[in-house]
Each structure stands twice: as structure tokens, then as C-alpha cells.
Amino acid sequence: MCILARLIKQKKGVISIEFALVFPLLILLFIFVLEMSRLMFIASSLNLVSSEIARRVSLSEDVIKNSSGYADIFSEELKNELSLWGIVTDKNSLNVIVKYCKNTQEVINEQCSGSLKGDSKIIYYYVSYKYNPLFASAFTRLADSSVTRRTIVYREFHS
């Protein structure tokens, strides 16, 4: 029993030293998980909004016919569907480019026009978010491709 008591007394500061060595690693792990969760939220949000936009625009007969109309629909859908978007992200970092194409060959060759014409049957959305990490700049390179969405919508109802 004396030997056990002596061992406990000799290891009095070991817990403090182990905590001092492990705690910074736990903080780094927590920051990494937090940053990755934020990045996944942004990417998932863009997926949701892109699919909702595609569904809404392809089925709508009374969509606004000017060039900014489809971008306005995107912004409205983002506001309606994602209440947390403004809290977790910066709304000014979102970039939406809407182009109009006559056929799939124009989409493949990236020859779509920026203005809506009567014979434009395809809408090409390019949505990107300029990701600014909260903690480490290493996440910027990781996020470059994961926060960009390209959606192609066939306008069923066009004039």
C-alpha cells in the first residue's frame, strides 16, 4: 500500500503537463471542424438553391423576361430558403452570373449571351461564393472549387 501511495504522490503534476500538451491540439481540431462545417453549409446551401431555381424557372410561365429577372429569382429563392445564410456568410461574396443559350453546343463552347433573346431556350447559372475563412487561410485553397455551382435550366415556357 505504501508503494501505491508513493506512486500517486510522484505523479502529481503529470495531468497538468498532459493537459498543456494536448489542449492546443484539441483547439486546432475544434477550429478545423468548425471551419469545415461552415464550408459544408455553404456548399449544401448553394446545392439546394440551385436545384430549387432550376425547378422553379423551368416550370414557370410568368418569369420576368429581362436579363436581371433570373438573377433576382435566385436572390429571392436564397432569401426564402435559407434563413441562416446571412448569419454564417457574407451576402456580398455571392456572385451570380446568368447567361442565355440557344442550344447545348453554345453551353459546351461557353458562347452563351448575357442578354435574353426570344430563341434562348437554355439558362446557364454560374454561382460562386468567395469563401473567406474565419481562422486559417489554408481553407481558401480547399474551398475554391467546392463553393462554385453551375446549373443549366431548360426554359420550357419561352416566347
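One residue stands out in the stretch 34-58 among those that are among the polar types (S, T, N, Q) and in contact with a Phe, Trp or Tyr (Cβ under 7 Å, 6 or more places away or on another chain): the one that is nearest to Thr151 (Cα to Cα), namely Ser50. Of all residues being in a loop (DSSP other than H, G, I, E, B) and not basic (Lys, Arg) in the stretch 124-139, which is modelled with the highest pLDDT? Just the residue, please. Here the residue is Tyr131.
Any residue in the stretch 5-17 that is more than 20 Å from Ser128 (Cβ to Cβ), in a helix (DSSP H, G or I), at pLDDT below 70 and among the β-branched types (Val, Ile, Thr)? Yes, that holds for at least one residue.
Is at least one residue of the stretch 31-50 closer than 22 Å to Tyr131 by Cβ, of a type in the set (A, V, I, L, M, F, W, C) and modelled with pLDDT under 70? No, the conditions are met nowhere in the stretch 31-50. Each residue in the stretch 51-76 was checked for being at pLDDT 70 or above, surrounded by fewer than 18 Cβ atoms within 10 Å (Cβ to Cβ) and not basic (Lys, Arg), and 5 pass. What's the total number of residues in the stretch 77-103 that are buried (at least 16 other Cβ atoms within 10 Å of the Cβ), at pLDDT 70 or above, of a type outside the set (S, T, N, Q) and farther than 28 Å from Lys117 by Cβ? Number satisfying all stated conditions: 1.
The values are calculated or read from the model by the stated rules, or taken from the named source; none is laboratory data. Only a predicted model underlies this, so the values are computations on that prediction, with no experimental measurement involved. Don't worry about glycine lacking a Cβ; one is built from the backbone with ideal geometry, like all the others, and counts go over all protein chains shown.
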